[in-house]
Amino acid sequence: MDSIFNWIFSQYQSVPTIIIVLEFIGVFFGFLSVWYAKQENILVYPTGIISTAIFVYILWIYALLGDMLINAYYFLMSIYGWYIWTRKVDEAHVTPISRTTLNEKKAIVAIFLVTLLFVCLVYNAFDRWTNWVAYVDAITTAIFFVGMWLMARKKIENWTFWIIGDIISVPLYLYKGLIFTSLQYLGFTIIAIYGYLAWKRTLNNNLQTA
């Protein structure tokens, strides 16, 4: 057990204390945000805003430009999602959980491809195609962009994209030496699975009572 802890903390020997503290805070609020999303609780957005703001700074330092853009995008989409989740569709109900329509499926493909192209252009502009991590980062960025857009619109399919992106991110951050962020994404994967199941139950109940 000691050797495991020694290995984990050895990754942080050359990391400034402020970065370690910020990562802990960002991870904490990130977990809160995903947990609130599972509960379909509006607090998903203020907690998410705090976490994403912190990680924009950290990811810029670590040159993970794709994920940095993800967090900047999350910040903006959190404002949009906050509005959508609290918007009343009638006098008594706010926006319900639903499945994607055909037009939304087309939008998913468009968002994924445009995001992938944009991230590639950013990496080219900053000459960051240094190893395989950049290519994985570009793909996960596109996946998470779609997931966040779907979550803001309260579409159950958002969890599928979160699960796929989270699974990919676990070894990515482990490789980069951000151990606690890697563990965060492992936790995100588990919560996302439960989130999908919880939203599915709510959706089925809504359909039965409709």
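Each value in this text was obtained by applying a stated rule to the coordinates, not by laboratory testing. Worth saying up front: this structure is predicted, and the values here are computed from it rather than measured. Virtual Cβ from ideal backbone geometry, glycine too; neighbours counted across all protein chains shown.
The calculated FRET efficiency for residue 87 paired with residue 194, based on their beta-carbon distance and R0 = 22 Å, is about 0.25.
The phi-based Karplus calculation (6.51 cos²θ - 1.76 cosθ + 1.60; θ = phi - 60°) puts the 3J(HN,Hα) values of the stretch 184-196 at 4, 5, 5, x, 4, 4, 5, 5, 4, 5, 5, x, 4 Hz, whole numbers, x for Gly and Pro. Multiplying the residue separation of residue 21 and residue 125 by 0.36 nm and subtracting their alpha-carbon distance yields 34.4 nm. Packing, taken as the mean count of other beta carbons within 10 Å per residue, orders the peptides 113-119, 51-57 from highest to lowest as 51-57, 113-119. Full extension of the chain segment joining residue 31 with residue 174 gains 49.7 nm, where the gain is 0.36 nm per residue of separation less the Cα-Cα distance. Among the lysines of the chain, pairs that are 8 or more positions apart or on different chains and have alpha carbons within less than 27 Å of each other number 19. The angle between the Cα long axis of helix 132-152 and the longest principal axis of the Cα atoms of the chain comes to about 30 degrees, rounded to the nearest 10. What does the charge count around residue 83 come to, taking other residues whose C-beta lies under 15 Å from its C-beta (Lys +1, Arg +1, Asp -1, Glu -1)? Around residue 83, the surrounding residues sum to +4.
The local environment of residue 155, defined by Cβ-Cβ distances under 13 Å, has a net charge of +2 under the rule Lys, Arg +1 and Asp, Glu -1. Loop-located trypsin sites (Lys or Arg not before Pro) in the stretch 171-205 (DSSP state other than H, G, I, E, B) with a sparse environment of at most 10 neighbouring Cβ atoms within 10 Å are absent.
Amide H contacts of residue 157: 100, each under 5 Å away and 5 or more positions distant or on a separate chain (H built 1.01 Å from N in the peptide plane; Pro and chain starts excluded). Near the amide H of residue 94, within less than 5 Å, lie the amide hydrogens of 89, all on another chain or at least 5 residues away, with H placed in the peptide plane.
A straight chain from residue 201 to residue 113 at 0.36 nm per residue would run longer than the Cα-Cα distance by 28.6 nm.
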